[in-house]
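So the structure is just underneath, and the comments pick up after that.
Each value in this text was obtained by applying a stated rule to the coordinates, not by laboratory testing. Because the structure is a prediction, the values reported are computed rather than measured. Cβ: placed from backbone, ideal geometry, glycine included. Neighbour counts: every protein chain shown.
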Amino acid sequence: MKRGPESKRTLELVNLLRKKAVENKSSIWKKVAERLSAPARGKTEVNLYTVDKHSKEGSTVVVPGKVLANGSLGHKVTIAAFSFSASAAEKIRKAGGNCLPLERIVEKNPAGKGIILME
């Protein structure tokens, strides 16, 4: 029997993402909801060096999991993720970037335009 996420925050976020995906015909929010619904052992973890490598100055990056602090950022970037390690959030802010929870980026950009999805 397939079970979904049990955390209240995760359930609410998945429901919000699915709702926005249908309302705005945005496939990115559907993909993020699917990744968050995956089993815990399959959760996404992305290091800062990966974000730095695949993004440009002023980009918006979405991580359907946790952002870790391995590496550094060489440019200003906005990162929306389910969670951040404390040291990753500090490094992002030092580089002039922003750390946002997924709920906020969905409200700011419901169509999902110009977003880079990191898995």
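Observations
- Label point 7 Å beyond Cα of Ala95 along Cβ direction - residues of the stretch 55-72 with amide nitrogen under 16 Å: 55-64, 66-72
- Across the stretch 8-117, the relative contact order, built from alpha-carbon pairs under 8 Å that are at least six residues apart, equals 25 percent.
- Helix-derived mean residue ellipticity, 222 nm - over the chain, DSSP H n ≥ 4, -39500 (n - 2.57), to 500: -12500 deg cm²/dmol
- Candidates per GluC sites (Glu not before Pro) in the stretch 11-71, loop by DSSP, up to 14 other Cβ within 10 Å: Glu57
- Normalised alpha carbon radius of gyration of the chain [divisor 2.2 N^0.38 Å]: 1.02
- Label-zone membership for the stretch 63-83, site Lys108, 7 angstrom Cα→C-beta point, backbone N under 15 Å: 63, 76-83
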